[in-house]
Structures are given as C-alpha cells and as structure tokens.
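Asks: Handing you this structure, nothing more for now.
No value in this document is a laboratory result; all are computed from the given coordinates. Computed from a prediction, not measured in an experiment: that's the story for all the values here. Cβ placement follows ideal geometry from the backbone for every residue including glycine, while neighbour counts extend to all protein chains displayed.
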Amino acid sequence: MTPLLEHVPVGADPDAAYLGFVEWANSRGLTLYPAQDEAVIEIVSGANVILSTPTGTGKSLVAVAAHAASLSRGGRTYYTAPIKALVSEKFFALVDIFGAENVGMVTGDSSVNSDAPIICCTAEILANLALRQGAEADVDQVVMDEFHYYGEADRGWAWQVPLLLLNRAQFILMSATLGDVDDIADDLSRRTGRPTARVTGVERPVPLHFEYARTPVH
C-alpha cells in the first residue's frame, strides 16, 4: 500500500493534492462522502473550513487530508483535542499514516518529537503557544476537533484564543454538535484573510438503531 505522502508529495499543487488524497483513500477501500469531498477541496485550496456533520461521517479522514495538504505546502500543522487520551490516540493513528518522523505530541506532562511538522496536542497547549508568540508562532494550520468546546464556560478560552491570535494559520474546525457558526466564520475570514467554507450535513451515513423498553432492570 503506497504511503499517503507519496500520493501527496511536497510541492503538489491544489489539484494534485486533492487527486492524490482521493487515490490514497481509494487504495484503502474508502470512498469520500459528499461532505468529506467538499471539505477536502476547500482545504487544499487554502480556505478555512467549519465541518459540522454527524458522528460517523468521517471527520477524522478530513483531518488527515488537512495535514497532508499542509505538509505538501511545507507547512506545520497542529491537531488539537480536549483530552490527552484522544490526543494520544490521534498521535498513534497519524504515525501509522505519515511516519514517526513527521508526527509529534505535546501535552501538559509529555513531549514527543516536538519539532515535527504535525503536532498533536491538547487545546490548552496551542492556546498558550498563541498567547506567548502570537501571529509569529510557527503554526501554518490548525485542526480543532470537538470545536463545540468553544462555548464551554471554563475551557472555551483555549478554543477561542488561537482563532483570535493565529491570523496567519488556516483553520479546520470540526464538531458534530455545532449551531449557527456564521458569526465565527465571518470573523475568522476577516482575521485570516481566507474564505471560510461551512460544510454541514444532517444525514448520518451509518444509521443508528434504537428501541425503548419499560422492562424493570432486575
């Protein structure tokens, strides 16, 4: 199986990056859903993307495409998540795809390959980096998972600060539970100078089956 970075090499133009990623996905038996396809096209073109689709629609695959697009441009990309367990899980998944030399991890109590072009970290790590270095931080792209934490009373600041200070970066904001994001999208475009695509969907490709019963537990 050909590695992703052979399909999307450094220097690939947007069309080549898109086609290369689709070829790689197909080689793994994956066909992009329409929302994934739309998001990947916007990402390789350099736009910010707010991806608000149900659980099970493959937002993780879009994140992989984003990291590949960033590496093809010679950039440095950050993946953020709210908990260390998810950061660690994503780190090992990305190592399998991009190779150990290209992926690092930084949390509050550990650091692995912190100079890598792909960094997995908790949201607070990136927010503190943005506070220290501002727009001059070595951050070309940010993939924020579980972006609905933006509205969380105690921790939301960690999702808000990078959007305010890292105006050189491309943002991919992902969540299954977002409401109206027009104000965020408009402000993000103004701050970064990039168009911001809103990719939404309500249909879950993998349906959930459930039933209700009143049978006593005992």
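Asks: Find the centroid of the Cα atoms in region 147-195 and in region 32-56, then give the distance between the two in whole Å.
Replies: Taking the Cα centre of each part, region 147-195 and region 32-56 sit 16 Å apart.
Asks: Run the Debye formula on the Cα coordinates of the chain, all scatterers equal and no solvent, and tell me log10 I(q)/I(0) at q = 0.15 1/Å.
Replies: The Cα Debye sum returns log10 ratios of -0.94.
Asks: If packing is taken as the average count of other Cβ atoms within 10 Å, what order do 179-190, 159-170 fall into, highest mean first?
Replies: 159-170, 179-190
Asks: Rounded to the nearest 0.05, what FRET efficiency is calculated for VAL217 and LEU86 with R0 set to 30 Å and r the Cβ-Cβ distance?
Replies: My answer for the efficiency is 0.45.
Asks: Still on this structure, I have one more. Compare the Cα positions of ALA69, THR192, LEU178 along the charge dipole of region 4-200 (+1 at Cβ of Lys, Arg; -1 at Cβ of Asp, Glu; about the Cα centre) and return the one farthest towards the positive end.
Replies: THR192
Asks: In addition: When ranked by the protection proxy of mean other Cβ atoms within 10 Å per residue, highest first, what sequence do the peptides 4-12, 149-157 form?
Replies: 4-12, 149-157
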